[in-house]
Amino acid sequence: MKKLLVAVMLVAFAAAPTFAADVYTYTGKGTVTFDHKTHADSLGCDACHEGEPAKIEVDKKGAHGATCKTCHKDQKAGPTKCNDCHVK
Ligand code: HEC
Ligand code: HEC
Ligand code: HEC
């Protein structure tokens with residue numbers, strides 16, 4: 001029982017300061033690659049998450065707006081053209 005607890009704690013510690021996925025891919029149209037870690041390192045969590053970071057729903061409407069593209073436009077950095085996000 002003790003051994004199991006230690007194993008569980010190690011896993012929890014390993015995952016604690018970061019997040020579940022460094023990179024997300026979406027395959028609705030071609031493949032969109034979202035490098036969560038690179039974005040987080042350069043922008044900070046608060047750029048996208050309010051309060052305690054948690055799951056954000058990524059759908060077409062959001063991605064083409066506030067969740068992704070609006071920031072690329074505003075910052076004049078990051079892809080804004082269809083095929084720069086949707087790679088075949
Ligand atoms: C900033 C990156 C980005 C740009 C630029 C972008 N998209 Fe998207 N798009 C996404 C993401 C992320 C999704 C949601 C995930 C998914 O459905 O694959 C999405 C979803 C979609 C979908 C729905 C796919 C499905 O599930 O059926 C279509 C169609 C689409 N985009 C077309 C376009 C077109 C056309 C353009 C250019 C006018 C464009 N996108 C520009 C990121 C982008
Ligand atoms: C550029 C925007 C952006 C930044 C910056 C960002 N995130 Fe996220 N994060 C997202 C999006 C979008 C999702 C949801 C992706 C999905 O599920 O398709 C997400 C999901 C998450 C989740 C829930 C799922 C998981 O991976 O565990 C956590 C926790 C999380 N982020 C933590 C963080 C932390 C901590 C930071 C800062 C170190 C951070 N995020 C920075 C956009 C961002
Ligand atoms: C708060 C601002 C912000 C948000 C939100 C954001 N991005 Fe970005 N993204 C950037 C910036 C800034 C860059 C440019 C980084 C660079 O060139 O160093 C970038 C670059 C990218 C790149 C190009 C990466 C490369 O290797 O050149 C892709 C693809 C991308 N973003 C996809 C997404 C997707 C998909 C989402 C939504 C799930 C998203 N981004 C949300 C700011 C943002």
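The values are calculated or read from the model by the stated rules, or taken from the named source; none is laboratory data. Since the model is a prediction, treat every value here as computed from it, not as a measurement. Note that each Cβ is placed from the backbone with ideal geometry, even for glycine, and that neighbours are counted across all protein chains shown.
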Any hit, region 16-24, residues being of a type outside the set (D, E, K, R) and at pLDDT 95 or above: yes
Matching residues, region 71-87, being within 11 Å of ligand 2 (Cβ to nearest atom) and part of a helix (DSSP H, G or I): 71, 72, 75
Criterion violated by residue 33 - all others in (1) within 16 Å of ligand 1 (Cβ to nearest atom); (2) at pLDDT 90 or above; (3) assigned to a loop (DSSP other than H, G, I, E, B) satisfied: (3)
Subset of region 32-60 (residues that are surrounded by 10 or more Cβ atoms within 10 Å (Cβ to Cβ) and either over 17 Å from residue 22 (Cβ atoms) or over 14 Å from the mean Cα position of the chain (by Cα) (or both)): 59, 60
